[in-house]
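Heads up: the structure comes next, in structure tokens.
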Amino acid sequence: HKQQLKQSPKGQYPAGLPGEDNPWRQNPRSYLRSMEGPILRLGLGLLLLLATQHAPATAIPSPQCQTKCGNVEIPYPFGVGVNCSFTEDFNISCRVQDGISKPFIGTVELLNISLAGGTVRVRHRIASYCYNTSTGVMDFGGASGFQARDSPYRFSDTQNKFTVIGCNTLAYISDSNGTGYQSGCVATCTGPSALTDGTCSGIGCCQTAIPRGMDYYSAGFARGFNTSRIWRFSRCSYAVLMEAAAFSFSTAYINTTKFNSTGSGKVPVVLDWAIRSNGTTSCEAAKRNESGNYACISRNSACVDSVNGPGYFCNCSQGYEGNPYLPDGCKDVNECNHNPCPSGGICHNTIGGYRCSCRAGRKFSKQSNTCNPDTDLIIDVTTTGYPMQEGESMPMNPGSSYYA
């Protein structure tokens, strides 16, 4: 069953910044429910999930399955094509856009997948609110919402921030019906001279964190905060939930359309993903394998509980790397390739680890990761004394080792 694209009705905005006697301040949840018209929304802007009913799990994808789309690696449990993903939730479509192959989750462009981190990065539209000099009214554009319900995905609360740009802007973020999470961000400025590159603390730019577990968000702008009187130096306001590390405020975002036009009106947002199908809530439940589709099938793999919603994902055990979702997908890491031992030391790769040793006459120090003179040898030499008698030999320490 495919979810249908939804739109919330357009309407007016709450006038002005909420004060002590404003119903927003007194009861924001009740206020949002009653203000279906007052807060401008386009509602659902992007449909992320395609299927809520799952095909049987495929333990081993076919060798013919596509593992790359354009420049983006598509590792299992994700897959392109029939029977190439763990479930339909992890299906990726590979499409040609502007002559370039690009991967998509539903209608959302996929930028990259992290197995170890349990994240994906996708491109998401920016909501804009701009003064139209021809008509004399404020125009809303872009997308004001993002849907990830009934899917493996949740918005990362650690890597994203609700970001608002403008010089007379109040933007809201909430769930779909105004009964759960709501917050807002105010960005103002007295003029271009008040702005500072790289600073987002309320002057021209505002950011706020989101809670865990969000699988949907909707954004809106307050009508009382607009650019109709300051359009000569700041015509547009913007609001979007986006990857915090991908953003650095520029003063050019205020007096030009650079923020919206740089990525064709889209910015990256990070989604945490996990195996959440068949009611799976944790590693403990998944390991019982009652459904017969426990995902961490590689030897030397480990199950990791999701910290953002129910479910789990898989990692290779310490000292191993690769794909824990495939048989024998986790391979021993050759730590010696990264030169972990000190200068003058010798690295020995072991299964799941490594050890360092030092040459004769020196002793390895784990604490400082150095090869130091072997004081035991010095004591032996001092105790033995010189000259040695004919036939005697000086005791030698063949070296010392440290295992990791």
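I'd like to know if the range 207-217 contains one or more residues that are in contact with a helix residue (DSSP H, G or I) (Cβ under 8 Å, 6 or more places away or on another chain), of a type outside the set (Asp, Glu), surrounded by fewer than 16 Cβ atoms within 10 Å (Cβ to Cβ) and more than 18 Å from Val122 (Cα to Cα).
no
Can you tell me which residue is farthest from Tyr312 (Cα to Cα) among those in the range 158-177 that are in contact (Cβ under 8 Å) with a residue 12 or more places away in the chain and outside any strand (DSSP E or B)?
Only one residue tops the list, namely Cys167.
Which condition breaks for Glu284 when tested against (1) more than 23 Å from Ile60 (Cβ to Cβ); (2) among the acidic types (Asp, Glu); (3) surrounded by 14 or more Cβ atoms within 10 Å (Cβ to Cβ); (4) within 26 Å of the chain's Cα centre (by Cα)?
The one condition Glu284 does not meet is (3).
For Val108, state whether it is closer than 24 Å to Arg149 by Cβ and either surrounded by fewer than 17 Cβ atoms within 10 Å (Cβ to Cβ) or free of Cβ contacts under 8 Å to residues at least 40 places away in the same chain (or both).
So Val108 does not fit the description; no.
Any residue that is of a type in the set (A, V, I, L, M), more than 21 Å from Ser264 (Cα to Cα) and in the same structural domain as Gly166 (by TED's automatic domain parsing) - is there at least one of those in the range 124-136?
No, the range 124-136 has no match at all.
Just need a number here: residues in the range 306-326 that are within 21 Å of the chain's Cα centre (by Cα) and assigned to a loop (DSSP other than H, G, I, E, B).
Of the residues in that region, 9 qualify.
Just for the range 178-190: of the residues that are over 30 Å from Ser151 (Cβ atoms) and not in a strand (DSSP E or B), which one is farthest from the chain's Cα centre (by Cα)?
Thr190
So which of Thr262, Thr251 ends up being at pLDDT below 95, in the same structural domain as Thr227 (by TED's automatic domain parsing), surrounded by 13 or more Cβ atoms within 10 Å (Cβ to Cβ) and hydroxyl-bearing (Ser, Thr, Tyr)?
Of the residues listed, the single one that is at pLDDT below 95, in the same structural domain as Thr227 (by TED's automatic domain parsing), surrounded by 13 or more Cβ atoms within 10 Å (Cβ to Cβ) and hydroxyl-bearing (Ser, Thr, Tyr) is Thr262.
Tell me which residues, restricted to the range 288-305, are at pLDDT 90 or above and either out of contact with any helix residue (DSSP H, G or I) (no Cβ under 9 Å at 6 or more places or on another chain) or assigned to a strand (DSSP E or B) (or both).
Of everything in the range 288-305, those that are at pLDDT 90 or above and either out of contact with any helix residue (DSSP H, G or I) (no Cβ under 9 Å at 6 or more places or on another chain) or assigned to a strand (DSSP E or B) (or both) turn out to be Ile297, Ser298, Arg299, Asn300, Ser301, Ala302, Cys303, Val304, Asp305.
What about Ala222, is it within 27 Å of the chain's Cα centre (by Cα) and either outside the structural domain of Gly311 (by TED's automatic domain parsing) or under 30 Å from Gly311 (Cβ atoms) (or both)?
No; evaluated as a whole, the condition is false for this residue.
Assuming Thr119 fulfils every condition listed in (1) more than 12 Å from the chain's Cα centre (by Cα); (2) at pLDDT 95 or above apart from one, which condition is it?
Among (1) more than 12 Å from the chain's Cα centre (by Cα); (2) at pLDDT 95 or above, Thr119 violates only (1).
Which of the following residues is in contact with a strand residue (DSSP E or B) (Cβ under 9 Å, 6 or more places away or on another chain) and not hydrophobic (A, V, I, L, M, F, W, C): Glu290, Glu284?
Unique residue meeting the criteria: Glu284.
Name the strands (runs of 3 or more DSSP E) wholly within the range 51-157 that hold at least 3 residues that are under 30 Å from Ala187 (Cβ atoms)?
Counting at least 3 such residues, we get 108-114, 119-125, 127-132, 137-141, 145-147, 153-155.
Being over 14 Å from Leu241 (Cβ atoms) and either modelled with pLDDT of 95 or more or buried (at least 22 other Cβ atoms within 10 Å of the Cβ) (or both) is true for just one of Pro103, Pro192. Which residue is that?
Only one candidate qualifies: Pro103.
Just one of (1) under 30 Å from Gly117 (Cα atoms); (2) free of Cβ contacts under 8 Å to residues at least 60 places away in the same chain; (3) not in a strand (DSSP E or B) trips up Asn260, so point out which.
So the condition that Asn260 fails would be (2).
The values are calculated or read from the model by the stated rules, or taken from the named source; none is laboratory data. Just so it is clear, the structure is predicted and the values come from calculations on it, not from any experiment. FYI the Cβ positions are ideal-geometry reconstructions off the backbone, even for glycines, and counts take in every protein chain you see.
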